[in-house]
1. Of (1) surrounded by 14 or more Cβ atoms within 10 Å (Cβ to Cβ); (2) at pLDDT 95 or above; (3) assigned by TED's automatic domain parsing to the domain that holds residue 368, residue 216 satisfies all except one. Which?
2. Would a scan of the stretch 89-104 turn up a residue that is loosely packed, with under 15 Cβ neighbours inside 10 Å and part of a strand (DSSP E or B)?
3. Could you check how many residues of the stretch 60-98 are of a type in the set (Lys, Arg) and either in contact with a Pro (Cβ under 7 Å, 6 or more places away or on another chain) or within 30 Å of residue 113 (Cα to Cα) (or both)?
4. Anything in the stretch 248-270 that is surrounded by 16 or more Cβ atoms within 10 Å (Cβ to Cβ) and more than 25 Å from residue 293 (Cβ to Cβ)? List them, or say none.
5. Count, please, the residues in the stretch 36-69 that happen to be of a type in the set (D, E, K, R) and touching a strand residue (DSSP E or B) at 6+ places or on another chain (Cβ under 7 Å).
6. Got a number for residues in the stretch 1-58 being within 16 Å of ligand 2 (Cβ to nearest atom) and not in a helix (DSSP H, G or I)?
7. If a residue counts only when it is aromatic (Phe, Trp, Tyr) and surrounded by fewer than 19 Cβ atoms within 10 Å (Cβ to Cβ), which helices (runs of 4 or more DSSP H) contained entirely in the stretch 299-391 have at least 1 such residues?
8. Residue check, residue 280 against (1) within 16 Å of ligand 2 (Cβ to nearest atom); (2) closer than 18 Å to residue 166 by Cα, all met but one. Which one?
Amino acid sequence: MNMRTQVAIVGGGPSGLLLSQLLNRAGIETVVLERRSRAHVLARIRAGVLEWGTVELLRRAGAGDRMDREGIVHDGCWLSADGEMFRIDFRESCGVGVMVYGQTEVTKHLYAAQDALGASHRHEVEDVVLHDLDSDAPRVTWREGGQAHALRCDFVAGCDGFRGVSRRSIPESVRQEFEKVYPFGWLGVLSRTPPVQDELIYASHARGFALASLRNPQLSRYYIQVPVETRVEDWSDDAFWEELRRRLPEEIAGTLVTGPAIEKSIAPLRSFVSEPMRWGRLFLCGDAAHIVPPTGAKGLNLAASDVHYLSRALIGFYRSGDAEGLDRYSDTALARVWKAMRFSWWLTTLMHRFPHHGPYERRMQDIELAVLREQPAARRMMAENYTGLPY
Ligand code: FAS
Ligand code: PHB
């Protein structure tokens with residue numbers, strides 16, 4: 001079937017859904033092409049912390065009221081090093097907090113908002129191919145239910161994540177890629193248990209990093225650093241809880257309520273950026289262009305700022321023919337992406353145990369933590385980056 005729209009959006013995760021929602025509310029037509037089923041997208045358990053900029057963007061998109069009712073505002077988090085804890089006070093350092101609200105809920109609400117607008121989504125599409133991106137008449141083709149389809153459009157938004165087709169549609173000769181793969185992963189568990197602490201705890205420990213997070217007062221999210229070759233089946237629930245207890249500060253571990261893992265998965269850690277984020281009529285958003293280790297809680301939030309910049313540029317173009325926002329999109333988005341890359345790399349390097357680290361690197365980690373504990377300016381740097389730099 002041959003169709004036409006203004007903006008074709010490849011990928012229906014948070015980037016694609018939020019971009020479609022903002023554009024549709026501005027009267028711009030979109031079609032979202034998603035490889036998986038809606039149920040599959042909604043079943044993903046991913047991020048849990050929203051920067052304040054993301055909170056305000058979701059409100060502007062008309063997809064924030066459940067977040068405002070059910071999300072939990074956090075004014076700080078805790079760092080612990082070999083059993084000693086100290087707090088990073090976001091509110092005191094930079095006047096804002098973060099919203100603890102799961103990406104799964106964000107996605108659910110974006111779908112509901114898109115349904116209310118009668119948005120056009122195609123699920124379980126296959127063999128998506130982007131054509132004529134360097135012309136003024138780009139096209140997207142795909143197969144769906146055994147039928148061939150083509151969509152003519154003005155612009156293509158590549159929101160199809162790290163393994164999508166969009167980034168690879170930019171000629172290799174044009175792309176410059178930066179990558180760092182970490183020698184460990186995160187084993188994450190979701191459990192219907194009361195969180196061990198009402199704010200997040202990032203724990204550095206001789207046995208490895210651990211993170212105590214949450215979704216709500218009855219739903220906890222925990223992670224432990226594991227060797228990169230670890231398989232989920234290597235870890236029973238009991239083994240996970242015992243290891244988590246050993247890495248959390250004693251006074252906290254003693255109050256840990258354990259229960260069956262309702263989700264257990266391993267995420268590899270990498271830092272990755274592909275430049276530029278625009279080629280002709282193609283614009284990349286979110287994980288399609290960059291990946292951060294989840295330590296700094298930046299992945300979903302960078303997707304949000306990319307979508308903010310791109311939606312603003314497209315609305316400007318359609319309203320007044322002004323292409324300046326589009327021409328500056330890649331540089332504008334990358335300027336913020338690289339600062340989040342740096343923060344995520346810094347916190348990951350600080351809090352994890354690296355197989356190749358010697359006594360000097362270990363001592364630098366201890367000293368960096370002491371600087372954070374003792375120097376308000378250091379805590380403010382962490383607070384400003386964790387809560388999100390301005391758009
Ligand atoms: P996504 O990958 O979420 O969405 C891309 C969409 O495109 C998917 O629905 C996919 O099915 C679809 N797609 C792919 N190829 C396609 C094709 N060829 N055609 C059509 N559709 C296609 N971030 C945090 O901040 N904190 C965390 O704790 C955290 N944990 C994570 C755990 C895991 C296992 C992963 C993979 C990521 C995690 N992230 C975390 C990062 C994550 O939240 C992303 O930053 C966020 O999902 C980015 O959203 P999108 O850019 O929409 O990409
Ligand atoms: C989560 O709750 O999933 C979470 C929170 C903070 C992070 C990473 C993951 O840095």
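The values are calculated or read from the model by the stated rules, or taken from the named source; none is laboratory data. Everything quoted here is computed from the prediction, not taken from an experiment. Every residue, glycine among them, receives a Cβ derived from its backbone with ideal geometry; neighbour counts consider all protein chains shown.
1. The single condition residue 216 does not satisfy is (2).
2. No - not one qualifying residue is present in the stretch 89-104.
3. Qualifying residue count for the region: 3.
4. 258
5. The qualifying residues number 1.
6. The qualifying residues number 9.
7. 299-320, 324-351, 359-374
8. If we test residue 280 against (1) within 16 Å of ligand 2 (Cβ to nearest atom); (2) closer than 18 Å to residue 166 by Cα, just (1) comes out false.
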